[in-house]
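Undergrad: Take a look at the following structure, please.
The values are calculated or read from the model by the stated rules, or taken from the named source; none is laboratory data. Predicted model, so just to flag it, every value in this text is computed and none were measured. Quick reminder, even Gly has a Cβ in these numbers, built from the backbone with ideal geometry, and neighbours come from all protein chains shown. Just so you know, the surface numbers come from the protein's heavy atoms only, side chains and all, with ligands and any DNA or RNA stripped out. Shrake-Rupley method; radii C 1.70, N 1.55, O 1.52, S 1.80 Å.
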Amino acid sequence: MVVPTRPSFTSSATPSVAENTTGVFYTATATDPQGDPIAFSLFSGADADKFVLENNGGLRFNQTPNFDLPVDANLDNVYEVTLRATAGGETTDLAMRVRVTNDVEGIRVTRVASGIVDPVAFARVPGEETLLVAEKSGRVMRFNSATNAVSEDTFVRDNRRPGEVLAISYGFEANIWQEGIYLVTHSPADGLMVQAFNPARGTTGFATLGPAWSAPTTATMILSGSIFVAVGSPAESDAQNAATPYGKLIELPFIDPYAGASVLPSDVVNIRPRIIGDGIRQPGGFSIGFGGLFLADRGGTREHELTSFLTNARPLDFGWPFYEGAQETRANPPAAVNGPTLVYPFGTGIRQGTGIVAGLINDYRFLPGGGDAYIFADINGTIFSVPTPRLFDGFRHTTNVFENRSEDFAPDFGKIDSPVGFAPGSGTDHFFILDRDGEIFKVSQRAG
Ligand SMILES: [Ca+2]
Ligand SMILES: [Ca+2]
Ligand SMILES: [Ca+2]
Ligand SMILES: [Ca+2]
């Protein structure tokens, strides 16, 4: 019979610890058959450099663990470290797998609507509890964010020209000639078009942006002084070709009808679109912040990007097809390209995505970090956050600073499978996420 003489660990090899735990979360213990004094050491392991072992066996992280931004070797929130117990000149090793668990960090996500059919975008009506939700087929739904009721806008229904809806915005608040609902539509008959509706005045208007395309693309729009429209480029050759609206940034400027511009009596708006930028591949939304705009543009093989720009800066060139994100994809690019602020790889692997969705640069103080975060998404269902200063520090950032907040944003019902957009709430204590399968989610602070 062999009598054991080595020390034996009596503490677990698989402890769990909640993220944001500071200090000792585990104490190594062992026994020795001869009763020799036992000393512990950090012996090895892929993540051994992430820990500090104290003399009494207490184990802590050397940086506060963050579930949403893991730093273990294979990024799965399981930190591998081997402890060694030494007693009387003999040793025993304990190969540990330390699991960091998530905390939702005060975030509450509730499903407040469902059953919307193939929504492509949404937008808030300023000063009202109304979110406009555009269905691809052409219906415009009004979501009442106070009652959670959804109803169709019948004025748009009765006056719209046919076409697939690509984008929606509410325009020119308190400017009666141009206030109303704006849609970007595409149809074989009318091509690419902006349609405008003012239900209160009973007026409509439209402008043709460009010819029909056999493979309709994406577009996105936002109100920020003017209305800005980003249109995707079905063909690479269109994005830098000034003769087509595809691949372009288009401004619908405010025009005062009483300052010499002619306005038809039936017009809700005197729409005068003008191209102000190019090089867009497949826009995934705008964000407003700090005196400018951010445009999300989706890569097809290499990288997705978020690019900041001032709307009065010229030239505005988002680089496609010479760049995807920061990756040069074609020789001899234009001299002046607006380089992206955030980039991440195209793909289905960890820290990759299939299409960026622009989010909110927010003042949502209920969020971790005092609200000082940019919340955005990927159409694969991932919700990201990045500390706001990263957008303005002059450096380009990628996934090593992206927190994956998908677990924090897990809703009470339904699932954020394929987000298509974010919209602010009527106050800074909540905002909304629209999901492609017809759900609307409200993000607010979890009680307690
Ligand atoms: Ca965290
Ligand atoms: Ca791991
Ligand atoms: Ca978390
Ligand atoms: Ca869903």
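Yes or no, residue by residue, for (1) within 38 Å of the chain's Cα centre (by Cα); (2) closer than 23 Å to F402 by Cα; (3) in contact (Cβ under 8 Å) with a residue 24 or more places away in the chain:
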{"site": "P15", "(1), (2), (3)": "yes, no, yes"}
{"site": "A39", "(1), (2), (3)": "no, no, yes"}
{"site": "N55", "(1), (2), (3)": "no, no, no"}
{"site": "F67", "(1), (2), (3)": "yes, yes, yes"}
{"site": "P70", "(1), (2), (3)": "yes, yes, yes"}
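Undergrad: Can we say D417 is open to solvent by 20 Å² or more (accessible area, probe 1.4 Å), assigned by TED's automatic domain parsing to the domain that holds F286 and more than 16 Å from ligand 1 (Cβ to nearest atom)? Give the derivation first.
TA: Details: open to solvent by 20 Å² or more (accessible area, probe 1.4 Å): yes; assigned by TED's automatic domain parsing to the domain that holds F286: yes; more than 16 Å from ligand 1 (Cβ to nearest atom): yes.
Answer is yes for this residue.
Undergrad: With the requirement that a residue be part of a strand (DSSP E or B) and closer than 18 Å to I350 by Cβ, what does the stretch 397-445 give you? Show your work before the answer.
TA: Filtering the stretch 397-445 down to residues part of a strand (DSSP E or B) leaves 397, 403-404, 419-424, 430-435, 440-445.
Within the stretch 397-445, H397, E403, N404 qualify.
Undergrad: For the stretch 423-432, check the following and say yes or no: at least one residue is among the acidic types (D, E) and under 20 Å from I356 (Cα atoms). Can you show your working first?
TA: As a first pass, look at the stretch 423-432 and keep what is among the acidic types (D, E): 429.
Filter once more, so that each one left must be under 20 Å from I356 (Cα atoms): none.
There is no residue in the stretch 423-432 that is among the acidic types (D, E) and under 20 Å from I356 (Cα atoms).
Undergrad: Filter the stretch 65-97 for residues that are within 9 Å of ligand 2 (Cβ to nearest atom) and part of a strand (DSSP E or B); which is most open to solvent (accessible area, probe 1.4 Å)?
TA: Just the residues of the stretch 65-97 that are within 9 Å of ligand 2 (Cβ to nearest atom), to begin with: 70, 72-80, 97.
Checking which are part of a strand (DSSP E or B) leaves us with 78-80, 97.
Details: V78: 6, Y79: 5, E80: 64, R97: 113 Å².
The residue in question is R97.
Undergrad: Output the residue which, of all residues in the stretch 332-347 that are modelled with pLDDT under 95 and farther than 20 Å from T218 by Cβ, is most open to solvent (accessible area, probe 1.4 Å).
TA: First, the residues of the stretch 332-347 that are modelled with pLDDT under 95: 332-339.
Add one more test, that the residue is farther than 20 Å from T218 by Cβ, and what stays is 332-337, 339.
On the way: N332: 133, P333: 39, P334: 41, A335: 115, A336: 53, V337: 47, G339: 41 Å².
Of everything passing the filter in the stretch 332-347, N332 is most open to solvent (accessible area, probe 1.4 Å).
Undergrad: Right, next: Residues being away from ligand 4 (no atom under 16 Å from the Cβ) and assigned to a strand (DSSP E or B): count how many of those fall in the stretch 99-120. Explain how you work it out, then say what you get.
TA: Step one: list which residues in the stretch 99-120 are away from ligand 4 (no atom under 16 Å from the Cβ), which gives 99-108.
Imposing the further condition that a residue be assigned to a strand (DSSP E or B) reduces the set to 99-101, 107-108.
Result for the stretch 99-120: 5.
Undergrad: Here is a further query. Can you name every residue in the stretch 103-144 that is under 29 Å from H186 (Cα atoms), surrounded by 21 or more Cβ atoms within 10 Å (Cβ to Cβ) and touching a residue at least 60 places away in the same chain (Cβ under 8 Å)?
TA: A113, I116, P119, V120, A121, F122, A123, R124, L131, V133, F143
Undergrad: In addition: Being away from ligand 1 (no atom under 16 Å from the Cβ) and out of contact with any strand residue (DSSP E or B) (no Cβ under 9 Å at 6 or more places or on another chain) is true for just one of G381, G438, G425, G394. Which residue is that? Break it down stepwise before answering.
TA: Details: G381 fails: out of contact with any strand residue (DSSP E or B) (no Cβ under 9 Å at 6 or more places or on another chain); G438 fails: out of contact with any strand residue (DSSP E or B) (no Cβ under 9 Å at 6 or more places or on another chain); G425 fails: out of contact with any strand residue (DSSP E or B) (no Cβ under 9 Å at 6 or more places or on another chain).
Only one candidate passes the filter, namely G394.
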